[in-house]
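Comments concern the structure below.
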Amino acid sequence: MESVLGALRVRLVGKSEEARYRELMAEHHYLGDLAKIGHTLWYVATYGEKWTALLSFSAAAWKCGVRDRWIGWDYRHQYDRLGLVANNSRFLILPDWHYPNLGSKVLSLCERRVAEDWQAHFGKPLLLLETFVDPSRFQGTVYRAANWTPLGLTQGFRRTREGYSAHPTSPKVVFVRPLQADARGQLSRSILNPRYRTGAPRMMLTAEQMRTLPDFFTGIADPRRAQGQIS
């Protein structure tokens, strides 16, 4: 078994392999297939030429009370920093490969490369991974063995196209895995480290507000001396 674990490799699923990936997910994962929408990376773990496990990493959940409290970020900063968090939205160990420690080994291999892949594909750094485990089906043993931290239960609301379901269904256990030692501190800082900022600053004024800016400034006295003013 040690020789199998030592020979495991994790790589991104190639374009020509995506149909096979989706078929296996649809057939063997209890939640079925997951479309590749937005920021999503698909991985396959291999032993030689054989596929042993499949994983998907997607955009983080918009809201998650136990996660947000654990991070300690201000709600005003939360949505700008969600891009620094990725969700392990699918993890499937294929039939015939349910060997001891294989799942935790595959997770650790993904952790070593997902931040670099995320940066290369989406131009954004990653600081934290999250996942949600249905306690009615699983205990999260693989995540615990891979040193992910259980935070508690979600409220049970399900994300839909319209936002969130009106009534809670089945709460999930939330696990997180920092990708660097100070990830939690970086995410909760009042001012985000510039190395983790992405995109240009957003203009918060409407077009109408921008048109009225000259009128706003005409009511402000110029503190400069006369010779410093432009007539």
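All of the numbers you see were taken from the coordinates with simple rules; none came from a lab. Predicted, not measured: the structure shown is a model, and the values here were computed from it. Cβ sites come from the backbone with ideal geometry, for glycine too, and all protein chains shown count toward neighbours.
Side notes on the structure shown:
- Normalised by residue count, segment 2-204 yields a Cα convex hull volume of 142 Å³ per residue.
- Among the listed pairs Lys15/Lys172; Lys36/Lys124; Lys15/Lys36, those with a Cα-Cα distance over 20 Å are Lys15/Lys172.
- Cleavage-rule hits (GluC sites (Glu not before Pro)) in segment 1-87: DSSP loop, at most 16 neighbouring Cβ within 10 angstrom: Glu49
- Taking the DSSP beta bridges with both ends in segment 2-204, the antiparallel portion is around 90 percent.
- Ratio Rg/Rh, restricted to segment 6-111 and using Cα atoms, in which Rh is the Kirkwood radius: 1.03
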